[in-house]
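These notes are about the structure you will find just below.
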Amino acid sequence: MDDQERYQKLQAEKERDWEAYCQFCGMCCGIKDEDPCEHLSEKEKGIYICNIYDNRFGLHKTKAGRVFRCVPLREILNKNWPGDDRCAYKKLYFKSSAVGN
Ligand code: SF4
Ligand code: SF4
């Protein structure tokens, strides 16, 4: 394995680790304010999945028709949205920030 392959493998592992934190609560997709993204589905009680996950970034509509932009979670970690206290990434982010203080 050369350096480039090692780097790509490491990046893929880091991405998998990052993705594994998600609790599928649906809060970042609008489930709390009762007008979620039209691509959000309840897989089982309280567990939500995105139907277009691999192509999710960009303009979409809520179930009521409001247009919004889906962005990487890293871009909204320091913002607030309804139900964000449930987000595993925010907990991780603020815990890390507290450790750094
Ligand atoms: S497109 Fe974005 S906002 Fe819509 S369900 Fe998928 S991840 Fe959530
Ligand atoms: S709010 Fe956080 S934990 Fe919940 S689905 Fe979105 S990214 Fe995952």
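All of the numbers you see were taken from the coordinates with simple rules; none came from a lab. As the structure is a computational prediction, the values presented were derived from the model and not from experiment. Here the Cβ positions follow ideal geometry from the backbone for every residue, glycine too, while neighbour counts run over all protein chains shown.
General observations
- For the chain, the alpha-carbon coordinates run over 50, 34, 26 Å along the three principal axes, in decreasing order.
- About its Cα centre, the dipole of region 21-100 is roughly 200 debye, where the only charges are +1 on Lys and Arg Cβ and -1 on Asp and Glu Cβ.
- Distant-in-sequence amide contacts of Trp81, defined by a placed amide H-H separation under 5 Å and a gap of 5 or more residues or a different chain, comprise nothing.
- C-alpha long axis of helix 88-100 to longest principal axis of the chain, angle in °: 50
- Choice from Lys61, Lys43, Lys32 with maximal GNM fluctuation in the chain (Cα, 10 Å cutoff): Lys43
- Overall form of region 1-41 per C-alpha gyration tensor (a/c, 1.5; a/b vs b/c): prolate
- Pairs of Lys residues in the chain are counted when their Cα atoms are under 25 angstrom apart and they lie 8 or more places apart or on different chains; the count is 26.
- Between Arg66, Arg16, Arg74, the residue with the greatest mean-square fluctuation in the GNM of the chain (Cα pairs under 10 Å linked by springs) is Arg16.
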